[in-house]
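The values are calculated or read from the model by the stated rules, or taken from the named source; none is laboratory data. These numbers come from a predicted model, not from an experiment. Positions of Cβ are generated from backbone atoms using ideal geometry, with glycine treated the same way; all protein chains shown enter the neighbour counts. In case anyone asks, the SASA skips ligands and DNA or RNA and just uses the protein heavy atoms, side chains included. Shrake-Rupley method; radii C 1.70, N 1.55, O 1.52, S 1.80 Å.
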Amino acid sequence: MRQTTDIITVEHLSHAFGNKTVLQDINLSIGKGEFVTILGPSGCGKTTLMRLIAGFLKASEGKISIAGHDMTTTPPHLRPVNTVFQKYALFPHLNVFQNIAFGLNLKKLPKEEIQKKVKQVLKIVIMTDYEERDVDSLSGGQQQRVAIARAIVNKPEVLLLDEPLAALDHKMRKDMQMEIKAMHKKLNITFVYITHDQEEALTLSDRIVVMSEGVIQQIGTPTEIYNEPKNSFVADFIGESNILNGVMIHDELVEFAGHRFDCVDKGFAENELVDVVVRPEDIYIFEMSEAAQLSGQVTSSIFKGVHYEMTVITPEGFEFLIQDYHCFEPGHTVGLRVKPFDIQVMKKERLCNSFVGTIVDKSHVRFLKTNFKCNSAHKFPIGSKVRVAVEFQNVILHDSEEEGVLTGVVSFILYKGDHFHLTVRTKDKRNLYVQTNDIWDDGDTIGISISPESIHLEPV
Amino acid sequence: MQQKVLTFLGRRRNWTIPYVLFLAFFVLVPMVLIVFYAFTNAEGAFTFANIQKFWIHPEAMNTFLYSVVVALITTFLCILIGYPAAYILSKMEARKAKLLVILFILPMWINFLIRTLATVALFDFFKIPLGKGALIFGMVYNFLPFMIYPIYNILQKTDQNLIEAAQDLGANPRQVFLKTVFPLSIPGITSGVIMVFMPVISTFAIAELLTINNIKLFGTTLQENIYNGTWNYGAALSLVMLLLIGITALLNGEGSSRAAEEGNLI
């Protein structure tokens with residue numbers, strides 16, 4: 001689907017607000033006529049990226065080219081880009097016709113031509129006969145259509161859509177998705193669509209750019225992103241998934257949940273620790289039989305309209321989410337099976353927390369701007385730099401902030417079948433990764449401590 | 001008894017009673033009296049003579065028209081000076097802008113008579129003759145803050161998204177101002193006009209002091225008549241002014257209600 005000519009190229013783009021980096025070394029090219037979605041949770045930098053492309057922000061570093069010209073410093077009114085804003089941003093002092101004609105009037109087109117173009121575009125967004133209406137009198141969906149009309153009437157090279165459907169209700173959103181997709185086909189304009197809704201991204205896009213914490217996590221077609229997520233973040237963010245710790249025994253054999261499974265992944269070291277993803281719809285569930293690779297007991301079963309969503313716990317204590325058309329009642333013992341092709345093995349991003357620290361005295365080491373008691377600190381000269389390693393399970397979290405030596409906020413939670421993998425963000429925006437069996441909520445403020453014997457030091 | 005007082009105070013509606021009484025005595029009754037006096041003669045008999053006198057009497061009519069012209073000039077100058085000032089303030093960092101707004105409003109804390117007397121002293125000191133020029137200066141000086149503040153208020157609240165939308169659709173900075181920022185700030189201007197135009201017509205102290213009583217404004221005529229005991233004629237003149245206020249308010253009706261919605265001064 002991708003064509004050879006790139007309409008937007010972004011190279012080594014970084015952006016910071018004050019000393020807070022929001023985008024880091026973004027590289028992206030978007031083909032002419034393509035429908036690309038930039039997808040990520042709020043605060044991932046997707047809106048900043050859009051604003052940089054539109055020209056509302058000046059990049060701290062890097063280069064943006066649009067239609068073959070370097071436009072890194074071009075002001076927004078000279079860029080061949082039009083935007084559909086999240087809150088529509090229709091001019092309240094103008095009526096529907098005047099709003100749509102705004103860009104055409106600036107180009108000083110003759111009156112009859114403007115008339116004709118506005119009429120045409122109103123037809124495209126199915127808003128014929130609304131010309132004279134006051135924009136305040138329109139419903140949210142109608143305002144959205146006017147906002148789209150106002151942008152596409154200028155025939156831009158690129159149409160940026162910043163979460164255009166976020167304010168609409170579910171049913172309306174579905175309808176508008178289809179209309180936007182149809183419009184894209186008809187207009188032959190490149191669409192860059194910003195959203196946090198993974199379903200919207202999968203439905204609409206030719207390609208999806210998944211972002212998190214200012215970094216592109218993966219670029220690919222919807223099927224690539226869904227079937228072969230590059231890391232546990234993407235797997236968790238796109239669709240439902242079972243993510244577990246695993247060990248790659250050797251090529252095409254992986255061990256997880258206490259069992260070995262044939263898979264199709266290659267190129268890992270022997271016994272390398274990996275993350276394994278299995279989609280809930282890829283697990284076969286049936287009455288216990290010879291064919292089962294895993295056995296387990298159904299703990300819950302919920303009817304979801306088309307399928308049932310069931311959780312099954314194995315004797316080894318791993319929990320699986322399973323979707324199937326057949327219902328198995330809670331308490332039922334079932335067999336599970338996964339086809340090699342449906343097991344997605346991913347490299348782990350990190351195996352433990354690592355920091356650079358300084359020895360403070362015989363029993364303390366300083367990292368994360370905090371002094372930690374450490375049993376092996378005496379082996380290093382005072383004031384020397386050391387590499388600090390702390391395993392995920394050795395970070396202790398406390399309900400009250402006072403109990404810890406350092407406070408943080410839970411920013412990301414990943415369920416790994418038998419435990420949680422948390423990302424905890426400290427006050428000065430450093431991440432700590434924690435493995436725990438306790439249940440925490442996203443956004444919880446917690447105290448953090450580490451026992452003196454589990455801080456491992458190494459010379460730098 | 002105590003119980004009764006408590007239930008009486010407990011009803012929130014009852015709390016409005018002092019306000020209603022105040023309005024009745026100091027707004028409603030005087031209004032009725034103005035109308036009554038305007039249409040009666042010294043003996044209390046019904047007559048149109050007072051109103052007729054205003055139409056035929058060239059002096060009163062001339063003062064009236066002169067006052068309107070002074071008010072128009074003052075309002076125009078206030079917009080001319082006030083709009084850019086408000087615009088610059090709205091573009092400034094919030095903390096600095098707040099400080100400057102206070103500086104603009106600070107002179108308002110001094111009684112305007114004292115302020116005007118000080119202006120007279122200032123003109124004397126620089127040997128500038130008092131008269132028409134001084135009158136306009138005094139008016140603009142006194143009423144400028146009432147123009148700046150509502151405009152600043154509305155400009156400062158301009159939706160940044162709309163400015164970006166205009167840029168996005170191809171407007172250069174000048175066009176962004178002319179096609180979005182300015183039209184969106186019109187309710188602020190309307191609000192400012194109402195706060196400047198009408199008070200200027202009715203002020204007499206500024207005119208008296210800054211023109212050494214050489215130029216009479218409508219307010220002066222009004223005050224003179226009341227002072228000299230010709231209450232009926234004075235009431236008729238007041239009625240004319242009330243009508244003018246009413247008409248302006250009606251003409252600005254839509255604008256001012258929008259301005260009020262957006263949290264302006266009135």
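Name the residues in the range A:303-342 that are open to solvent by 90 Å² or more (accessible area, probe 1.4 Å), part of a strand (DSSP E or B) and among the β-branched types (Val, Ile, Thr), would you? Matches in the range A:303-342: none.
Got at least one residue in the range B:82-96 being farther than 20 Å from B:Ile226 by Cα and under 17 Å from the mean Cα position of the chain (by Cα)? Give the derivation first.
Our first condition is that a residue be farther than 20 Å from B:Ile226 by Cα; within the range B:82-96, this holds for B:82-96.
Retained after the next criterion (residues that are under 17 Å from the mean Cα position of the chain (by Cα)): B:82-83.
Yes, that holds for at least one residue.
Would you confirm whether any residue within the range B:156-179 is open to solvent by 10 Å² or more (accessible area, probe 1.4 Å), closer than 20 Å to B:Ala97 by Cα, within 20 Å of the chain's Cα centre (by Cα) and within 14 Å of chain A (Cβ to nearest Cβ)? No, the range B:156-179 contains no residue that is open to solvent by 10 Å² or more (accessible area, probe 1.4 Å), closer than 20 Å to B:Ala97 by Cα, within 20 Å of the chain's Cα centre (by Cα) and within 14 Å of chain A (Cβ to nearest Cβ). Taken over the range A:166-179, the criterion of being in contact (Cβ under 8 Å) with a residue 40 or more places away in the chain and open to solvent by 60 Å² or more (accessible area, probe 1.4 Å) is satisfied by A:Ala167 alone.
For the range B:155-167, the criterion of being touching a residue at least 12 places away in the same chain (Cβ under 8 Å) and within 24 Å of B:Leu72 (Cβ to Cβ) is satisfied by at least one residue. Scanning the range A:177-188 for residues that are of a type in the set (A, V, I, L, M) and touching a helix residue (DSSP H, G or I) at 6+ places or on another chain (Cβ under 7 Å) yields A:Ile180, A:Met183, A:Leu187.
Restrict the check to the range A:359-367 and report whether at least one residue is open to solvent by 70 Å² or more (accessible area, probe 1.4 Å), within 30 Å of A:Val312 (Cβ to Cβ), assigned to a loop (DSSP other than H, G, I, E, B) and assigned by TED's automatic domain parsing to the domain that holds A:Ser449. Even if it seems obvious, please write down each step before you answer.
Kept after step one, since they are open to solvent by 70 Å² or more (accessible area, probe 1.4 Å), are these residues of the range A:359-367: A:362, A:366.
If we keep only those that are within 30 Å of A:Val312 (Cβ to Cβ) as well, we get none.
No, the range A:359-367 contains no residue that is open to solvent by 70 Å² or more (accessible area, probe 1.4 Å), within 30 Å of A:Val312 (Cβ to Cβ), assigned to a loop (DSSP other than H, G, I, E, B) and assigned by TED's automatic domain parsing to the domain that holds A:Ser449.
With open to solvent by less than 10 Å² (accessible area, probe 1.4 Å) and among the small types (Gly, Ala, Ser) as the only criterion, which of A:Gly267, A:Gly258, A:Gly220, A:Gly239 stands out? None of the other options fit; the residue is A:Gly220. The range A:20-137 holds no strands (runs of 3 or more DSSP E) entirely within its bounds that carry 3 or more residues that are within 14 Å of chain B (Cβ to nearest Cβ) and free of Cβ contacts under 8 Å to residues at least 24 places away in the same chain. Of the residues in the range B:24-46, at least one is open to solvent by 90 Å² or more (accessible area, probe 1.4 Å), without any contact (Cβ under 8 Å) to a residue 60 or more places away in the chain and part of a loop (DSSP other than H, G, I, E, B). Selection within the range A:135-165: residues that are exposed (fewer than 15 other Cβ atoms within 10 Å of the Cβ) and of a type in the set (Gly, Ala, Ser). The member of this set that is modelled with the highest pLDDT is A:Ser137. When B:Phe182, B:Phe143 are screened for being of a type outside the set (Gly, Ala, Ser) and more than 11 Å from chain A (Cβ to nearest Cβ), only B:Phe143 passes. Here the range A:38-94 is the region considered, the condition is being farther than 20 Å from A:Thr9 by Cα and hydroxyl-bearing (Ser, Thr, Tyr), and the residue that is surrounded by the most Cβ atoms within 10 Å (Cβ to Cβ) is A:Tyr88.
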